[in-house]
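Below is one structure, written out as structure tokens; comments come after it.
Please treat every number below as a calculation from the coordinates, not as lab data. This one's a predicted model, so the numbers in the text were calculated from it and none came from an experiment. Ideal geometry is used to build each Cβ from the backbone, glycine not excepted, and the neighbour counts take in all protein chains shown.
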Amino acid sequence: MSKTKSMWMVRAGEGAFLFDKFKKENIAAIGWNEVGDLAGINKSEEIKQIMKEKYPEYKFAQLNISAGQVSRFRFNFKKEDGVITYNPEKRIYLVGEIIGDYEYNTELADYFHIRKVKWLGEVPRDKLSTSTKNTLGAISTVFELSEDAEEEIFKLLKDKKGDYTEDTASKAVELDTIKEDMIAKAIEFIKDKILELNWEEMQELTAGILRGMGYKTTISLKGADRGRDIQASPDGLGLEEPRIIVEVKHKSGQIGATEIRSFIAGLRQSNKGLYVSTGGFTKEAKYEADRSSIPITLINLDLLVSLITQHYDNFDNETKTLVPLIKIYWPS
């Protein structure tokens, strides 16, 4: 087969229950049957509007994602494009070439949006490189593969006896790179969740982090707090050391030296100061905290995320509700 224009993953339903049907009927298909025949539709916006009417329960993001996948299947798939689908039970990718235009067919499979395909063969997942496995790991029903992944798949398809040779060290490096990329993305998503909180929720989150670290907290009532949003100590009364005084600022702008000096001025020598700012701190503010005779710790958004992930298992339910997270396991 010659170099294709594009190569598309089309998942064969939940658990790949349509994998054998795809292979037998020489098709690739997607669901969202309720939108009906799209042969007469010429614009993606029309598909989005139809899906909005047919799936009123979809939230904004879900609607956009789903409409985007249907639109790609309807408009972006071309004859001679490559197509691939996966059987997770057998760990096999079925590889083919699109040979038909879009059609709406209720007879061939449970999914009615159809593309006729010439299936060319199968590629075991275990023969693929780590980077290509990662590319194929996206959960979307429909997505386009990278050129490198496409090239590797067709090379393996052509050379049945060959496989990608990847030494243990290279594989480990690649896995670490993918892991670091996933961690970086996760951190940014956690930041997004934090920034969606209002000020009172941000104050509750900060207090919850301190409780997760073993302290007991008192949150100031609404109104003038003289720079004291939270007090934390081992006993919760401030009678045992350390007695931590916390100021929380939840805004986009950086905190400057003036705010830090004002905060320090309200502390006693026996206090420990904690200043939380989701907008970060200026260089001058950091200098003021460093030269203070009273210990001051500045917590920006990055450090806040680090504290959350480090102590999350010890959070109470109220705190976890503010930033709900799930644990993901990664091969050692």
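Give, rounded to the nearest 20 debye, the magnitude of the charge dipole that region 7-166 has about its Cα centre when Lys and Arg contribute +1 at Cβ and Asp and Glu contribute -1 at Cβ.
Numbers: 25 positive and 28 negative charges, 30 e Å.
Taking the Cα centre of region 7-166 as origin, the dipole is about 140 debye.
Legend: residue pairs LYS249/LYS286; LYS249/LYS272; LYS59/LYS251; LYS133/LYS155; LYS21/LYS179, Cα-Cα distance threshold 23 Å; pairs beyond threshold, LYS59/LYS251; LYS21/LYS179.
Give me Rg/Rg_expected for region 7-166, where Rg uses Cα atoms only and Rg_expected = 2.2 N^0.38 Å with N residues.
Values: Rg = 15.9 Å, N = 160, 2.2 N^0.38 = 15.1 Å.
Here the answer is 1.05, to two decimals.
Please arrange THR132, THR258, THR309 by counting, for each residue, the other beta carbons lying within 10 Å of its beta carbon, fewest first.
Numbers: THR132 23, THR258 12, THR309 16.
The order, fewest Cβ neighbours first, is THR258, THR309, THR132.
Can you list which of the trypsin sites (Lys or Arg not before Pro) found in region 1-41 are DSSP loop residues with at most 14 other C-beta atoms within 10 Å? Can you show the working numbers first?
Working: sites: LYS3, LYS5, ARG11, LYS21, LYS23, LYS24; in loops: LYS3, LYS5, ARG11.
Listed in order of number, the matching sites are LYS3, LYS5.
By how many nm would the segment from ILE139 to PHE60 grow when fully extended, if each residue of separation counts as 0.36 nm and the alpha-carbon distance is taken off? Display every interim value, and only then the final one.
Values: separation 79, 0.36 × 79 = 28.44 nm, distance 1.88 nm.
Net length gain for the segment: 26.6 nm.
Estimate the FRET efficiency between ASP176 and PHE17 by the formula 1/(1 + (r/R0)^6), using the beta-carbon distance for r and 45 Å for R0, to the nearest 0.05. Using R0 = 45 Å, I get an efficiency of 0.85. If the chain between LEU197 and GLU241 were fully stretched, how many nm would it gain, using 0.36 nm times the residue separation less the Cα-Cα distance? Contour length minus the Cα-Cα distance gives 12.8 nm. Taking every alpha-carbon pair under 8 Å whose residues sit at least 6 apart, region 195-322 reaches a relative contact order of 24 percent.
Amide H contacts for GLY121 (H built 1.01 Å from N in the peptide plane; partners 5 or more residues away or on another chain; cut-off under 5 Å): VAL95.
Evaluating 6.51 cos²θ - 1.76 cosθ + 1.60 at θ = phi - 60° for every residue in region 56-72, the Karplus couplings come out as x, 6, 5, 7, 3, 5, 5, 4, 5, 5, 5, 4, x, 5, 5, 5, 4 Hz, glycine and proline recorded as x.
For region 233-308, the list of trypsin sites (Lys or Arg not before Pro) that fall in a loop by DSSP and count at most 12 other C-beta atoms within 10 angstrom reads LYS251, ARG268.
Placing unit charges on each Cβ (+1 for Lys and Arg, -1 for Asp and Glu) gives region 7-166 a dipole about its Cα centre, and among PRO88, ALA39, HIS113 the Cα reaching farthest toward its positive end belongs to PRO88.
So what's region 1-88 giving for Rg/Rh, alpha carbon basis, Kirkwood Rh from the mean inverse pair distance?
Details: Rg = 14.1 Å, Rh = 14.3 Å.
Ratio of gyration radius to Kirkwood radius for region 1-88: 0.99.
Hey, could you get me the Stokes-Einstein D for region 265-332, Kirkwood radius over alpha-carbon pairs, 10 °C and 1.306 mPa s, rounded to whole µm² s⁻¹? Using the Kirkwood radius from Cα pairs, D works out to 110 µm²/s. Solvent-free Debye calculation, one equal scatterer per alpha-carbon of the chain: log10 I(q)/I(0) at 0.10, 0.11 Å⁻¹ equals -0.78, -0.84. Neighbour counts of other C-beta atoms within 10 Å: give me SER306, SER129 arranged from fewest to most. Ascending Cβ contact count within 10 Å gives the list SER306, SER129.
Once you have the Cα-Cα distance between ASP148 and ARG125, take 0.36 nm times their residue separation minus that, and quote the gain in nm to one decimal. Write down the numbers at each step before the final one.
Details: separation 23, 0.36 × 23 = 8.28 nm, distance 1.54 nm.
The ASP148-ARG125 span can extend by a further 6.7 nm.
Write down, largest first, the equivalent ellipsoid semi-axes of region 195-322 in whole Å, where each equals the square root of 5 times an eigenvalue of the alpha-carbon gyration tensor.
Values: eigenvalues 90, 65, 36 Å².
That gives 21, 18, 13 Å for the three semi-axes.
Using only side-chain charges placed at the Cβ, +1 for Lys and Arg and -1 for Asp and Glu, the dipole size of the chain relative to its Cα centre rounds to 160 debye.
Projected label points at LEU303 and ILE183, each 7 Å from Cα along the beta carbon direction, are separated by 2.0 nanometres. Restricting the chymotrypsin sites (Phe, Trp or Tyr not before Pro) of region 1-104 to loop positions (DSSP other than H, G, I, E, B) with no more than 12 neighbouring Cβ atoms within 10 Å leaves PHE17. Relative to the longest principal axis of the Cα atoms of the chain, the long axis of helix 168-195 lies at roughly 60 degrees.
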